[in-house]
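Throughout, read-outs are computed from the coordinates displayed, never taken from laboratory work. For clarity, every value in this text was computed on a predicted model and none was experimentally measured. Every residue, glycine among them, receives a Cβ derived from its backbone with ideal geometry; neighbour counts consider all protein chains shown.
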Amino acid sequence: MLNILTYPDPRLKNVSVSVTEFDEKLQAFLMDLEETMRAGPGGVGIAAPQVGRLERIAIVDVSSKPKISHHGRLVMINPEITDWDGFEMGREGCMSVPDYTGNVIRATKIRLVAQDKQGVSHEYSMEGYEARAVQHEIDHLDGLLFIDRLVSRRHDLFQRKVYESKKGT
Amino acid sequence: MHHWFMVTLVGQDQIGIVSKITTALYQGGCNLGEASMLRLGGNFTIMMMVDIPTGGKDALNHLLQPVAKELQLHLHLDAIEGLLHHHQVPNVRVSVHGADRAGMVAQVTSVLANAGLNILALESDVGGNANHPFYLMHIEGIATAGILALEEALRSLFASQPDLKVTLEPIETVVM
Ligand SMILES: [Zn+2]
């Protein structure tokens, strides 16, 4: 189990560097990072800078959430979002920002290029919950937290999935 | 030792209210907690948690009264339990709008309360013009009896109030 840095720790504001060595040390770190993610309150994502390692590494796994499309456990090394489509507001929390959740606008669909733990490049298309998690984690690699992107309830114009009561039913 | 108070200040809006109030508190050694500061119908309103280490209510009153007087604000102090770091996370958002009329907020919130909604935040506004005002309300809360119960309740409300526009949206919080 690795120790999670919490805001306002200045290390969370750093831009992480690319990974160049896909060696055994990296594999060991990935196992520790995943274990730490699974022990967390949400357990769906983690980025290396959250444990003080300023490298472009993140893991997302939203498979525990029913009825959504996802890629299972996704180890992302040197990830880059290459395409964005649509936007929607959703509520986020973060292991590095305890006792606070807030509304953030994210792209609905993204296209992503990332290396796996062996260094092989893959391209992914994703949407919704998984896309939100990935955007949140990549922000960590750029020294950004969701509290840097909050939008106010009062200006909530971006409703998604509206369950509207039908007239007369 | 913490001594928390809920400080309420209301008065005609003008520039500098927040800075003058919070400067007086800072200079008096107070700490601020959670707060809501908002202009409502030309009035500026402050509800703010303030922690004063020594002197209690009299000391806090002594700090704030001169500033409140200068700014012509009504000041009210209540000793409270200052429960920080215990945020509750809403799981549902309800938005309502319709032609303004008496009883709308009461009807909607009664229906929701009976179906188990615990309101964490409610913001409402009157828009339109004096002849044709409309009322708009955003609620975030916890559906203690489930979201289906709220949907059912709103459906029956709709049968009697077909011109109200009500949307109910689950809030999923992704914690990463
Ligand atoms: Zn995070």
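With the contact rule set at Cα under 8 Å and sequence spacing of 6 or more, what percent relative contact order holds for region B:3-79?
Values: 132 pairs, mean separation 37.4, N = 77.
Dividing the mean separation by the residue count of region B:3-79 yields 49 percent.
Which of A:81, A:51, A:19 sits closest to the plus end of the dipole of chain A, meaning its Cα is farthest towards the positive end, when Lys and Arg get +1 and Asp and Glu get -1 on the C-beta?
Farthest towards the positive end: A:81.
How large is the translational diffusion coefficient of region A:10-159 in µm² per second when you combine the Kirkwood radius over alpha carbon pairs with Stokes-Einstein at 10 °C and 1.306 mPa s?
Working: Rh = 15.6 Å.
The estimated diffusion coefficient comes to 102 µm²/s.
In whole Å and largest first, what semi-axes does the C-alpha gyration tensor of region B:3-79 yield when each eigenvalue is scaled by 5 and square-rooted? Could you put the intermediate results ahead of the total?
Details: eigenvalues 77, 31, 22 Å².
Ellipsoid semi-axes (Å, largest first): 20, 12, 11.
Please report the Cα spread of the protein assembly as shown along all three principal axes, rounded to whole Å, starting with the longest.
Extents along the principal axes: 68, 58, 33 Å.
If you average the C-alpha positions of region A:46-106 and of region B:105-158 separately, how far apart do those two centres end up, in angstrom?
32
Summing Lys, Arg as +1 and Asp, Glu as -1, what charge do residues with Cβ under 15 Å from the Cβ of residue B:82 carry, residue B:82 excluded?
On the way: positive: B:57; negative: A:99, B:34, B:51, B:78, B:81.
Within the 15 Å Cβ shell, the charges total -4.
Just to compare against my own numbers: the Cα pair-distance distribution for region A:1-88, 5 Å bins, whole % per bin, please.
The percentages, shortest bin first, are 3, 12, 21, 23, 21, 13, 6, 1.
Assuming a ≥ b ≥ c are the square roots of the Cα gyration tensor eigenvalues, decide whether region B:83-138 counts as rounded (a/c under 1.5), prolate (otherwise, with a/b larger than b/c) or oblate. Numbers along the way, then the final one.
Values: a/c = 3.13, a/b = 1.88, b/c = 1.66.
Because a/c hits 1.5 or more and a/b exceeds b/c, region B:83-138 counts as prolate.
Once you charge only the Cβ atoms, +1 for Lys and Arg and -1 for Asp and Glu, what is the size of the charge dipole of the protein assembly as shown about its Cα centre, to the nearest 20 debye?
Values: 30 positive and 41 negative charges, 154 e Å.
That gives the protein assembly as shown a dipole magnitude of about 740 debye.
Which net charge results for the neighbourhood of residue B:15, defined as the other residues with beta-carbon distances under 14 angstrom from its beta-carbon, given Lys and Arg at +1 and Asp and Glu at -1?
Details: positive: B:20, B:39; negative: B:13, B:70.
Residues close to residue B:15 contribute a combined charge of 0.
Counting Lys and Arg as +1 and Asp and Glu as -1, what is the net charge of the other residues whose Cβ lies under 12 Å from the Cβ of residue B:100?
Residues near residue B:100 contribute -1 overall.
In whole angstrom, and with the biggest value first, how far do the Cα coordinates of region B:92-170 range along each principal axis?
39, 26, 18
Using the Cα atoms of region B:25-144 to build a convex hull, what is its mean projected area in square nanometres? Write out the running numbers ahead of the final one.
Working: hull surface 39.3 nm².
If I average the Cα hull's projected area over directions, I get 9.8 nm².
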